[in-house]
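S.K.: Below is one structure. I have some questions about it.
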Amino acid sequence: MATAKMKPSVPDRTQHFVLIDVDGATEEILTASADDADSLAAAIVDAAAALSTIVVPVGGFAAGGFVVTGHLVFDLAKAKRTEVRVESRSLQFASMGIKK
């Protein structure tokens, strides 16, 4: 009896961002996963509620996964208004290539 061939799983083609707006200045932070985006957004909201400072890792994707390349520091004690959003953007069409 022939066995069914399993297709390889499609890699996640979604990028997850945390958008941080502090008094009109917006920063967009790329995270490795949706869970990381949610936990970073929660940490920023907690820091804003406590009027404290938070250090946010900034990075990008490499062959081995997500790599931290720097940090941003937000002094939320002086902020009048802080807004945090989590966005997911599909890369469905970004992987299309041009055939010759």
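S.K.: Which residue pairs have Cβ atoms under 8 Å apart, sit 6 or more places apart or on different chains, and have a first residue in segment 33-47 that is closer than 14 Å to Ala77 by Cα and a second that is surrounded by 15 or more Cβ atoms within 10 Å (Cβ to Cβ) and of a type in the set (Ser, Thr, Tyr)?
M.R.: Matching pairs, first to second residue: Ile44/Thr82; Val45/Thr82.
S.K.: Among (1) modelled with pLDDT under 75; (2) open to solvent by less than 50 Å² (accessible area, probe 1.4 Å); (3) in a loop (DSSP other than H, G, I, E, B), which single condition is Gly60 missing?
M.R.: The single condition Gly60 does not satisfy is (3).
S.K.: While we're looking at this one, here's another question. Going through segment 63-94 one residue at a time, which ones are of a type outside the set (A, V, I, L, M, F, W, C), at pLDDT 85 or above and in a loop (DSSP other than H, G, I, E, B)?
M.R.: Once the filter is applied, which keeps residues that are of a type outside the set (A, V, I, L, M, F, W, C), at pLDDT 85 or above and in a loop (DSSP other than H, G, I, E, B), segment 63-94 yields Lys78, Lys80, Arg81.
The values are calculated or read from the model by the stated rules, or taken from the named source; none is laboratory data. None of these values were measured; they are calculated from a predicted model. Glycine gets a Cβ as well: all are built from the backbone with ideal geometry, and neighbour counts include every protein chain shown. What goes into the accessible areas is simple: the full protein's heavy atoms, side chains included, and nothing from ligands, DNA or RNA. Shrake-Rupley method; radii C 1.70, N 1.55, O 1.52, S 1.80 Å.
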